[in-house]
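The values are calculated or read from the model by the stated rules, or taken from the named source; none is laboratory data. Keep in mind the model is a prediction, meaning the values are calculated, not measured. A quick note on method: Cβ atoms are made from the backbone with ideal geometry, for glycine too, and the neighbour counts reach across all protein chains shown. These accessible areas exclude ligands, DNA and RNA; they are computed on the full protein's heavy atoms, side chains included. Shrake-Rupley method; radii C 1.70, N 1.55, O 1.52, S 1.80 Å.
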Amino acid sequence: MSNTKDNWQSKKSGSCWQIIFAQNENYDEIFTEFLEEYFEVVSCNYNDDGTEQYVAYQNNHFNEQDFIQQAKQRNINLPPYKKEYLESQNWLKDYVIEFAPVEVEDFLIYGIHEKQAPKTDKLALKIYAATAFGSSHPTTQSCLRAISWLNKNNLEHRKILDVGTGSGILSLAAAKLWPDAKIIAVDIDEEAVWVTRQNALDNNLQNQLDVEVSDGYNSELIKNNAPYDIIFSNILARPLIEMAPNLYKSLKQGGYCVLSGFVDEQVDWVIGAHEKQGLKLIKMFEFENWRAAIMEK
């Protein structure tokens, strides 16, 4: 674990390249997946006019020609972008992790750069916002609203699974809200797993979370602890649909799932795939063009 941490931090030290892409009303999913795979860190800014703007960061070994070539190989038409070299001793700390505290329903999310926790009567979570967390992302906020809704309706929550946990924000929120819950959080990305573990430690929630690398539901940890009272899956439309059968198998009868990461035009596609498995739509949350759904088995 310490070696993983040291290697991860060393990649983020020093200066970096910042690549800012042109604003767009609806970026293609293939393009955004490519950015996530290629760059060290990717963030998305959501503007008042409904457009999105992606900003990517790469260490000082960024090869622009390789980036363009790999995009061509995937038939991706890159939008206009500008690049800038940022001088720094630690580019992640200086340019990426700072974000304003965000209040959503029962929760207040703030960054580790804050010298002290903001005053609040909500459940406060301190987050190391590295590669996989955007506190202002519509899907994150909608999922937090969904978790609050589940709590207000007194639904069973003893065993929870978070597939595609990212920085662990949903798992941490559930652990903070339900101290008696046992939560399994998985992600295909080793870096996301480390970030989730670190965030759990920073919030003294490590005893409630088991975190490990898993490609979807293909983990012995997941299988050995099924079925679950609640499953979170805040990813993208395509993997949500592909994993719908495994979600259904892993969810207990009468259990609930929170699905997010899809836009308005994909609602019928995503919800329909889960209804075919036998799930029923209970509630939909809307934030800009993004959607989150609560479904029941």
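Before moving on, here are some points about what is shown:
- Multiplying the residue separation of residue 119 and residue 224 by 0.36 nm and removing their Cα-Cα distance gives an extension gain of 33.8 nm.
- C-alpha center-to-center spacing [the stretch 167-218, the stretch 220-263] in angstrom: 15
- When you count the other C-beta atoms within 10 angstrom of each residue and take the mean per peptide, 256-267, 54-65 line up highest first as 256-267, 54-65.
- 3J(HN,Hα) from dihedral phi, the stretch 141-153, Karplus parametrisation 6.51/-1.76/1.60, rounded to Hz, x for glycine, proline: 5, 5, 5, 5, 5, 5, 4, 4, 5, 4, 5, 5, 9
- Global form of the stretch 164-226, assessed from the alpha-carbon gyration tensor, a/c cut-off 1.5: oblate
- Counting only protein heavy atoms and a probe of 1.4 Å, the accessible surface of the stretch 158-297 is 45% carbon and sulfur.
- Listed residue pairs exceeding 20 Å between alpha carbons, taken from 182/252; 159/297; 126/152: 126/152
- The spacing between the stretch 14-29 and the stretch 60-74, judged by their C-alpha centroids, is 14 Å.
- Between residue 71 and residue 265, the simple spin-label model (points 7 angstrom out along Cα→Cβ) gives 2.0 nm.
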